[in-house]
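Values in this text are rule-based calculations from the coordinates and carry no lab data. Just so you know, these numbers come straight off a predicted model, no measurement behind them. Backbone-built Cβ (ideal geometry, glycine too); neighbour counts: all protein chains shown.
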Amino acid sequence: MGDTRHTRVLIIGSGPAGYTAAVYASRAMLKPLLVQGIQPGGQLTITTEVENWPGETEIQGPDLMVKMQEHATAMGAEVISDIITSLDLSKRPFTAKGDGGTTYTADAVILATGAQAKWLGLPSEEKFKGFGVSACATCDGFFYRGREVVVIGGGNTAVEEALFLTNFATKVTLIHRRDELRCEKILEHRARANPKIVFAWNKVPEEILGTEEPMGVTGVRVKDTKTGEESVIPCDGFFVAIGHAPASDLVKDQLELHHGGYVKVEPGSTRTSIPGVFAAGDLTDHVYRQAVTSAGMGCMAALDAERWLAEQSDLPAAEAAE
């Protein structure tokens, strides 16, 4: 039998939203427990240079997450290396089961499990992640000034990424498995009107090509979906834009979701469809998906949780919670 731990606030997830929530909840003397999850630090741990975090001209993604964790623990949060495998939100206190055998009970829960970019699943894609392969043009486009890049996809995300990359790259090739886009017509019009964007219709990536010393992308081998003919498109950057998958499996049958699985929160807050359960970061955000916006929502979630707890007359005082 595993241990049972009770906390005023249980934070699930350890990206910018989770750690920021931990800082604010700690400052409110709520003694939060933060369970890191399967990827401690979140998506920034697989990002190299970060140049859009306020106060840091340039910092490595993993280093930034180490700083956030240290900040949270310095404020008084307890960071636990565990994975939540199930979560019961049907009654209070809420109950979560950890992979290590521990049961966590909580008066309030902050969900910050994030979202993961969908990948193609190519071995070469995994090999060059962070070295020319990216799933975030906003994060990494700046590094491709004066270079040629490709974008994979045909929906809104792909076309938006392609348009954004034209601010830096000399040429953006949009590779799509069909011969027409699935995006909104206004986006298609803008893409077709942009002289930097060219289209590779009816093509699917087969292999990302590159060098090992130094690690870097030099091109992509594609196959024509109609003829089967293979060819190589030279490029310095390879951007996958086939969508994101919010990590909402724990709550998919308990909370109201929208936009393909993102947790729905009340406008202007982090309150979910269950009182006492709050959500922040990429788990709720299908629009911005930035570290700084996630951190802001983590702050909001902790403040929302603090205020909600203060209104609950049936809960014990913070000082009594262990």
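Quick rundown of the values:
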quantity	calculated
With at most 12 neighbouring Cβ atoms within 10 Å, loop trypsin sites (Lys or Arg not before Pro) (DSSP) excluded, longest segment of the chain	1-90
Relative contact order %, region 225-294, counting alpha carbon pairs below 8 Å whose residues are six or more apart	21
Partners for LYS118 among aspartates and glutamates (Cα-Cα distance below 15 Å; same-chain residues under 8 apart left out)	GLU126, GLU161, ASP282
Net charge contributed by nearby residues that have their C-beta within less than 14 Å of GLN36 (K/R +1, D/E -1)	-4
Distance in nm between pseudo-label sites at SER231 and ASP179 (7 Å out along the Cβ direction from Cα)	1.5
Residue among ASP82, ASP285, ASP249 with the largest mean-square fluctuation in a Gaussian network model of the chain, springs linking Cα atoms under 10 Å	ASP249
Neighbour-limited loop hits for GluC sites (Glu not before Pro), region 1-79 (at most 13 other Cβ within 10 Å; DSSP other than H, G, I, E, B)	GLU51, GLU58
Overall form of region 63-153 per C-alpha gyration tensor (a/c, 1.5; a/b vs b/c)	prolate
Using θ = phi - 60° and Karplus 6.51 cos²θ - 1.76 cosθ + 1.60, couplings along region 214-223 (whole Hz; Gly, Pro as x)	x, 5, x, 8, 10, x, 9, 8, 10, 10
For Cα extents along the principal axes in Å, calculated from these coordinates, the label among [x] 68, 61, 60; [y] 67, 39, 38; [z] 57, 48, 41	[y]
Relative contact order for region 119-240, counting Cα pairs under 8 Å that sit 6 or more residues apart, in percent	30
The chain: Cys lacking any partner C-beta under 4.7 angstrom	CYS183, CYS235, CYS299
Three-way shape label, region 119-240, alpha-carbon gyration tensor, a/c 1.5	oblate
Environment charge at ARG289 (Cβ cut-off 15 Å; Lys +1, Arg +1, Asp -1, Glu -1)	-4
Point-charge dipole on Cβ atoms (K/R +1, D/E -1) for the chain, about Cα centre, debye to 20	740
Formal net charge of residues neighbouring PHE278 (Cβ-Cβ distance under 15 Å; K, R +1; D, E -1)	-3
Under the span-like rule (Cα at least 15 Å along the axis, Kyte-Doolittle mean at least -1.0), DSSP H helices of the chain	16-27, 61-75, 291-310
Length added when fully stretched, THR85-ALA310, from 0.36 nm per residue minus Cα-Cα	78.1 nm
Region 1-139 shape via C-alpha gyration tensor axes, a/c threshold 1.5	oblate
Antiparallel bridges, percent of DSSP beta bridges restricted to the chain (to nearest 5)	50
